[in-house]
Amino acid sequence: MGSRFGLRDKLSENHWKLCKMENLRVSKPLIICLSGNGTKTEEEANGFCKLAEDFIGDKLIKDVELLGVAYGEQNRRGELSNEDVELIVDNVLIKLCKDEKTEEFLSLEKCCKNLSLVTFFTFCHGSTEVSRILEKFKERLNDKKIPKQDISTLTKALLEVSYAKENNGVPCPQISVASAQDSAGLCFGYWYFGADCEDKLENHYAITCDKPGQYCKKDFPRPEERQYNSITIVADSILKYNNDSVSFSIQSEDHNIGYLKRDKNGMFHPRLNELGKVLICAMSQSLQERVKNSILNQNNENYTRFNLSDLNSYLELNLPQTNRIDNQIEDTMIF
């Protein structure tokens with residue numbers, strides 16, 4: 001069985017309603033929730049949507065649609081098929097760029113205004129799926145003879161908020177959150193800033209904004225064409241120390257997004273530490289500010305771009321100031 005798409009729906013059984021992508025109409029902010037490659041069932045996909053719902057909060061969630069994807073068993077890895085990617089591109093992104101009646105492409109500003117309704121919320125491999133989706137989107141736009149500069153502008157109207165991302169090449173603005181103790185892949189941990197940053201991050205977290213090359217280990221800087229607007233927040237660890245823990249294993253405990261979920265009583269996981277709560281706060285505030293911008297664009301005639309610099313300033317003011325390393329950490333980066 002291939003992937004199944006579903007919408008978070010409080011009126012449906014288990015708060016989940018299967019969705020035919022061909023029938024989807026984006027009329028309010030849409031969060032596309034793409035979890036890791038172990039998310040093969042509808043229950044798991046719905047659970048990831050529930051996490052996004054909790055981050056967005058009660059005040060805004062009524063104005064938001066949450067789309068989840070169960071990858072199914074079509075392959076051992078668990079990922080979108082090429083057909084799935086095309087379903088998302090053609091029925092969400094391209095559709096938002098066209099007039100509903102004439103099918104003609106809208107003005108650049110109108111396209112950006114519509115695309116700003118879409119946000120990707122991802123975990124691990126989900127970030128790779130966003131990259132595939134956006135590469136197909138750019139391919140479709142190129143086929144329509146859309147100028148290269150306009151294609152870049154359109155992709156920048158989208159946004160990704162991720163935890164422990166697998167992919168560094170997502171061509172849209174990105175807010176990335178991770179634990180430095182997460183050793184499940186080269187894209188995580190101290191690799192964000194370089195190994196010489198380990199001592200600085202101990203029992204602390206760091207935040208940086210829009211620094212070309214910030215994700216690159218000193219030995220492997222990304223080429224300029226693979227650098228995008230971004231905010232990165234990395235904490236030393238999200239978990240309280242446990243003698244039974246095995247550090248830096250292939251399946252790192254800090255890689256488990258389940259620790260970021262609250263229980264039915266709204267309580268944090270008992271092993272989550274204060275830095276883990278900082279990361280939850282960062283993802284929550286990022287999604288909330290993005291949704292507010294989406295609603296603004298939905299209700300106004302003119303397009304207001306989601307400004308990562310403004311978000312960075314907001315996070316710097318609203319995230320806890322204790323145990324925080326200021327941007328002096330940037331001296332470990334490659335430019």
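General observations
- Of all the residues in the range 77-115, those that are of a type in the set (Asp, Glu) and within 18 Å of Pro171 (Cβ to Cβ) number 1.
- Under the condition of being modelled with pLDDT of 90 or more and either touching a Pro at 6+ places or on another chain (Cβ under 6 Å) or not charged (D, E, K, R) (or both), the residues counted in the range 310-322 number 9.
- Filter result for Leu66 (crowded, with 19+ Cβ neighbours inside 10 Å and touching a residue at least 24 places away in the same chain (Cβ under 8 Å)): yes
- Cβ-Cβ contacts under 6 Å between residues 6 or more apart (or on different chains), taken from a first residue in the range 23-38 that is under 10 Å from Ser127 (Cα atoms) to a second residue that is among the polar types (S, T, N, Q) and surrounded by 24 or more Cβ atoms within 10 Å (Cβ to Cβ), are listed as Leu34/Thr122.
- Note on the range 18-63: among residues that are outside any helix (DSSP H, G or I) and β-branched (Val, Ile, Thr), the one that is surrounded by the fewest Cβ atoms within 10 Å (Cβ to Cβ) is Thr41.
- Residue in the range 262-277 that is touching a strand residue (DSSP E or B) at 6+ places or on another chain (Cβ under 8 Å) and surrounded by fewer than 17 Cβ atoms within 10 Å (Cβ to Cβ) present: yes
- Each residue in the range 69-99 was checked for being within 17 Å of Asn114 (Cα to Cα) and either of a type in the set (Asp, Glu) or in contact (Cβ under 8 Å) with a residue 12 or more places away in the chain (or both), and 11 of them qualify.
- When Tyr303, Tyr228, Tyr241, Tyr215 are checked against the criterion of being of a type outside the set (A, V, I, L, M, F, W, C), touching a Phe, Trp or Tyr at 6+ places or on another chain (Cβ under 7 Å) and either at pLDDT below 90 or not in a helix (DSSP H, G or I) (or both), a single residue qualifies: Tyr215.
- Of all residues in the range 116-134, those being in contact with a Cys (Cβ under 7 Å, 6 or more places away or on another chain) and either over 24 Å from Ile175 (Cα atoms) or part of a helix (DSSP H, G or I) (or both) number 1.
- Among the conditions (1) under 22 Å from Ser162 (Cβ atoms); (2) in a loop (DSSP other than H, G, I, E, B); (3) modelled with pLDDT of 90 or more, Asp263 misses just one, which is (1).
- Hits in the range 3-27 (condition: touching a helix residue (DSSP H, G or I) at 6+ places or on another chain (Cβ under 9 Å), among the charged types (D, E, K, R) and under 16 Å from Ala52 (Cα atoms)): Arg8, Asp9
- Evaluation of Val234 against (1) outside any helix (DSSP H, G or I); (2) modelled with pLDDT of 95 or more; (3) surrounded by 18 or more Cβ atoms within 10 Å (Cβ to Cβ) (one fails), failing number: (2)
- Selection of the range 289-324 for residues being under 14 Å from Ser116 (Cα atoms), among the polar types (S, T, N, Q) and surrounded by fewer than 18 Cβ atoms within 10 Å (Cβ to Cβ) yields Gln298, Asn299, Asn300, Asn302, Thr304, Asn307.
- Residue check, Ala180 touching a residue at least 40 places away in the same chain (Cβ under 8 Å) and in contact with a His (Cβ under 8 Å, 6 or more places away or on another chain): no
The values are calculated or read from the model by the stated rules, or taken from the named source; none is laboratory data. Only a predicted model underlies this, so the values are computations on that prediction, with no experimental measurement involved. Because the Cβ atoms are built from the backbone with ideal geometry, glycine has one as well, and the counts that use them run over all protein chains shown.
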